[in-house]
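This report refers to the structure that appears directly beneath it.
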Amino acid sequence: EPEVTQTPSHQVTQMGQEVILRCVPISNHLYFYWYRQILGQKVEFLVSFYNNEISEKSEIFDDQFSVERPDGSNFTLKIRSTKLEDSAMYFCASSLSVGVSYSPLHFGNGTRLTVT
Amino acid sequence: KNQVEQSPQSLIILEGKNCTLQCNYTVSPFSNLRWYKQDTGRGPVSLTIMTFSENTKSNGRYTATLDADTKQSSLHITASQLSDSASYICVVTSRNQGGKLIFGQGTELSVKP
């Protein structure tokens, strides 16, 4: 069964450094997402992406964050200058559609980001 | 404020027993409700998706119910197995925000032999 893959599985970085989290969504999916989960807390929506542009973003997704689909397969999340509070598990997800058909979101296994 | 609340926070049951997990939500306008299973260190995996017109949906030993009037859902697990040990998360989508899922805190289920 096709799956969403994320790399790296664990990233440690120093405060103020830039990080890029990488994701390869399922190949025929059209909608892409980033979510994050701070340890012990709920999964939170960051951003959704469709047709090469952001379709929706949350308050968390400020100017420090950006997403890109540089080629036909990768979907990246960049944090320009990391803060301690950015430490979390970051999940990439993709879906075939977002409309009435309610196709499920398929999640990757996440990248654990630790900011020191 | 759009919120999803789950109970209980954690649950321990013996292998082979049934259990029911609860979810209440205040998301409006409502689009659909999903149950996800999340194993430790893994991403969430979809179990069921229900729209407002669906009262029940099954996926193997998992049966989800939805009461859109009272804004409540439940997930019933039948004949539990050790591999059912995981966090079960109720997730709701608002009609105005198609791709934005609103997650509950999850119920941590532990199945003991």
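The values are calculated or read from the model by the stated rules, or taken from the named source; none is laboratory data. Fair warning: this is a prediction, and the values are worked out from it, not measured in the lab. Reconstructed Cβ throughout: ideal geometry from the backbone, glycine too, with neighbour counts over all protein chains shown.
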Pull up segment B:91-100, narrow it to residues that are in a strand (DSSP E or B) and in contact with a Phe, Trp or Tyr (Cβ under 6 Å, 6 or more places away or on another chain), then point me to the one that is farthest from the other protein chains (Cβ to nearest Cβ). B:VAL92
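Conditions (1) more than 13 Å from every other protein chain (Cβ to nearest Cβ); (2) outside any loop (DSSP other than H, G, I, E, B), marked per residue:
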{"residue": "A:CYS23", "(1), (2)": "no, yes"}
{"residue": "A:TYR33", "(1), (2)": "no, yes"}
{"residue": "A:SER66", "(1), (2)": "yes, yes"}
{"residue": "A:GLY72", "(1), (2)": "yes, no"}
{"residue": "A:LEU113", "(1), (2)": "yes, yes"}
Any residue at all in segment B:39-57 that's out of contact with any Ser or Thr (no Cβ under 9 Å at 6 or more places or on another chain), in contact (Cβ under 8 Å) with a residue 24 or more places away in the chain and surrounded by 18 or more Cβ atoms within 10 Å (Cβ to Cβ)? yes
For segment A:97-116, give me the residue count where each residue is under 15 Å from A:THR13 (Cβ atoms) and either in contact with a Lys or Arg (Cβ under 7 Å, 6 or more places away or on another chain) or buried (at least 17 other Cβ atoms within 10 Å of the Cβ) (or both). 4
Check on A:SER55, at pLDDT below 95, over 25 Å from B:PHE52 (Cα atoms) and either more than 9 Å from chain B (Cβ to nearest Cβ) or assigned to a strand (DSSP E or B) (or both): no
Positions within segment A:13-68 being closer than 26 Å to B:THR107 by Cα and among the hydrophobic types (A, V, I, L, M, F, W, C), in sequence order: A:TRP34, A:ILE38, A:LEU39, A:VAL43, A:PHE45, A:LEU46, A:VAL47, A:ILE60
Among A:VAL43, A:VAL24, A:VAL98, which is the only one that is at pLDDT 95 or above and not charged (D, E, K, R)? A:VAL24
Answer yes or no: is there a residue in segment A:83-96 that is closer than 23 Å to B:THR51 by Cβ, in contact with a Ser or Thr (Cβ under 8 Å, 6 or more places away or on another chain) and buried (at least 22 other Cβ atoms within 10 Å of the Cβ). yes
Quick one: in segment A:35-51, which of the residues that are part of a loop (DSSP other than H, G, I, E, B) and either aliphatic (A, V, I, L, M) or touching a Lys or Arg at 6+ places or on another chain (Cβ under 6 Å) (or both) is farthest from A:SER87 (Cα to Cα)? A:LEU39
Within segment A:81-96, of all residues that are out of contact with any strand residue (DSSP E or B) (no Cβ under 7 Å at 6 or more places or on another chain) and part of a loop (DSSP other than H, G, I, E, B), the one nearest to the other protein chains (Cβ to nearest Cβ) is A:LEU96
Restricting to segment B:24-43, and then to whatever is in a loop (DSSP other than H, G, I, E, B) and within 17 Å of B:GLY106 (Cα to Cα), can you tell me which residue is nearest to the other protein chains (Cβ to nearest Cβ)? B:GLY43
For segment A:1-18, how many residues are over 12 Å from the mean Cα position of the chain (by Cα) and part of a strand (DSSP E or B)? 4
